Amino acid sequence: GEVEVGTEGTWTFTPDTKLADGDHAISVIIQDPAGNQSEPSGSWDFNVDTKAPDAPVIGRIIDDVGVKQGELASGAITDDQQPTLSGTAEAKALVEIFDNGVKLGETRADDKGNWSFTPDQVMAEGEHSFTTRATDLAGNISAQSPAWNILVDTTAPEKPGTDGQGPGISEIIDDAGNIQGPVAKGGITDDSTPTLKGEGKPGDTIIILDNNQKIGEVEVGTEGTWTFTPDTKLADGDHAVSVIIQDPAGNQSEPSGSWDFTVDTKAPDAPVIGRIIDDVGVKQGELATGAVTDDQQPTLSGTAEAK
């Protein structure tokens with residue numbers, strides 16, 4: 001198009017036809033009243049972009065606190081109140097992050113469209129639904145992204161017990177040797193891999209400690225019970241078994257009290273007959289081996305392993 005310069009030496013022009021999306025290089029030629037034309041000016045280059053960007057993609061959410069860390073699937077439970085979100089969007093777009101519809105903050109995608117965001121404020125316990133929205137460099141705004149849901153849980157389970165009345169250890173079973181059955185607290189067993197049984201909340205993890213050292217873990221079943229048998233034999237000697245309950249978010253309870261017992265798998269030395277006493281008739285006293293006696297119920301005594 002063209003336009004005449006006004007009396008104040010200025011001019012304004014708006015195209016009658018919309019410029020197409022894409023690159024444009026605007027330049028001007030000045031024509032005087034006699035029809036003489038200047039050379040074209042240098043170009044003023046710009047890009048027209050009227051198309052809204054695609055919604056940003058949340059690629060993953062990372063839990064990086066506590067004993068249980070890693071990527072969080074949508075619907076997962078976490079104890080991280082400031083998890084890191086990352087994903088992709090249109091290059092250099094401004095990405096806004098929302099939680100349950102409330103804006104948490106914003107970040108700028110890099111030249112390749114990658115972005116990452118960690119909330120400045122800790123999030124409360126409960127359900128959180130993250131969505132994102134992009135605004136490109138031209139100011140076009142995308143639709144909201146699909147929601148990515150997580151549950152924040154920072155409350156530790158209650159301390160387990162060893163009385164069989166709730167979560168914790170209910171019993172320890174000896175199923176080896178001549179004497180089998182429950183192992184009493186303070187008892188002795190010849191089973192170096194006794195079986196522990198207990199209760200808990202389905203989905204929780206029971207961490208088993210022996211003398212305060214972890215020897216294994218097991219998940220509580222759908223019926224609220226668990227069973228654990230050590231993979232490695234327990235050494236002969238005193239043992240103090242306790243448990244910690246870990247919920248799906250990674251929160252851990254205090255350790256339970258200990259269930260103490262002794263493992264003894266070594267056969268005792270043979271007992272020693274110290275003496276045999278004849279205490280009837282006219283001839284009484286100790287009987288040497290090979291002796292003759294008229295006592296049909298002589299008394300034997302000696303030594304053996306204590307108890």
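The values are calculated or read from the model by the stated rules, or taken from the named source; none is laboratory data. Predicted model only: the values in this text are computed from it and were never measured. FYI the Cβ positions are ideal-geometry reconstructions off the backbone, even for glycines, and counts take in every protein chain you see. Heads up: the accessible areas ignore ligands, DNA and RNA and are worked out on the full protein's heavy atoms, side chains in. Shrake-Rupley method; radii C 1.70, N 1.55, O 1.52, S 1.80 Å.
Structure notes:
- Index of the failed condition, SER242 passing every other in (1) under 30 Å from ILE62 (Cβ atoms); (2) open to solvent by less than 60 Å² (accessible area, probe 1.4 Å); (3) outside any loop (DSSP other than H, G, I, E, B): (1)
- Test result for GLY216, within 23 Å of the chain's Cα centre (by Cα) and of a type outside the set (A, V, I, L, M, F, W, C): yes
- Filter result (more than 15 Å from PHE261 (Cα to Cα), among the β-branched types (Val, Ile, Thr) and in contact with an Asp or Glu (Cβ under 8 Å, 6 or more places away or on another chain)) within the range 216-247: VAL220, THR225, ILE244, ILE245
- Subset tally (residues that are under 30 Å from GLN180 (Cα atoms) and surrounded by fewer than 17 Cβ atoms within 10 Å (Cβ to Cβ)) for the range 245-256: 1
- Hey, LYS201 more than 30 Å from GLU127 (Cβ to Cβ) and charged (D, E, K, R) or not: no
- Cβ pairs under 7 Å, 6+ apart, first in the range 179-207 and more than 30 Å from ALA76 (Cβ to Cβ) and free of Cβ contacts under 8 Å to residues at least 24 places away in the same chain, second open to solvent by 60 Å² or more (accessible area, probe 1.4 Å) and part of a strand (DSSP E or B): PRO182/GLU171
- Verdict on THR225 being more than 23 Å from VAL65 (Cα to Cα), more than 20 Å from the chain's Cα centre (by Cα), modelled with pLDDT of 95 or more and open to solvent by 20 Å² or more (accessible area, probe 1.4 Å): yes
- For the range 272-289, a residue qualifies if it is loosely packed, with under 11 Cβ neighbours inside 10 Å, of a type in the set (A, V, I, L, M, F, W, C) and not in a loop (DSSP other than H, G, I, E, B), and exactly one does: VAL272.
- A single member of ILE179, ILE173 is of a type in the set (Val, Ile, Thr) and surrounded by fewer than 13 Cβ atoms within 10 Å (Cβ to Cβ), and it is ILE179.
- Identity of the residue in the range 16-29, within 60 Å of the chain's Cα centre (by Cα), in contact (Cβ under 8 Å) with a residue 12 or more places away in the chain and part of a loop (DSSP other than H, G, I, E, B), that ends up nearest to ASP49 (Cα to Cα): ASP21
- Selection status of LYS214, over 18 Å from GLY166 (Cβ atoms), out of contact with any Gly (no Cβ under 9 Å at 6 or more places or on another chain), in contact (Cβ under 8 Å) with a residue 24 or more places away in the chain and open to solvent by 70 Å² or more (accessible area, probe 1.4 Å): no
- Positions within the range 30-40 being assigned to a loop (DSSP other than H, G, I, E, B), surrounded by 10 or more Cβ atoms within 10 Å (Cβ to Cβ) and polar (S, T, N, Q), in sequence order: SER38
Residue by residue, here is whether (1) modelled with pLDDT of 90 or more; (2) surrounded by 11 or more Cβ atoms within 10 Å (Cβ to Cβ); (3) β-branched (Val, Ile, Thr) holds:
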| position | (1), (2), (3) |
| --- | --- |
| THR265 | yes, yes, yes |
| VAL292 | yes, no, yes |
| PRO298 | yes, yes, no |
| GLY302 | yes, no, no |
| LYS307 | no, no, no |
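- Listed by first and then second residue, the pairs linking a residue in the range 37-49 that is farther than 16 Å from ALA138 by Cβ to a residue that is modelled with pLDDT of 95 or more and exposed (fewer than 10 other Cβ atoms within 10 Å of the Cβ), with Cβ atoms under 8 Å apart and 6 or more places separating them unless they lie on different chains, are SER43/ALA25; TRP44/ALA25.
- Candidates ALA184, ALA176, filtered to the one that is touching a Pro at 6+ places or on another chain (Cβ under 9 Å), farther than 30 Å from GLY126 by Cα and part of a loop (DSSP other than H, G, I, E, B): ALA176
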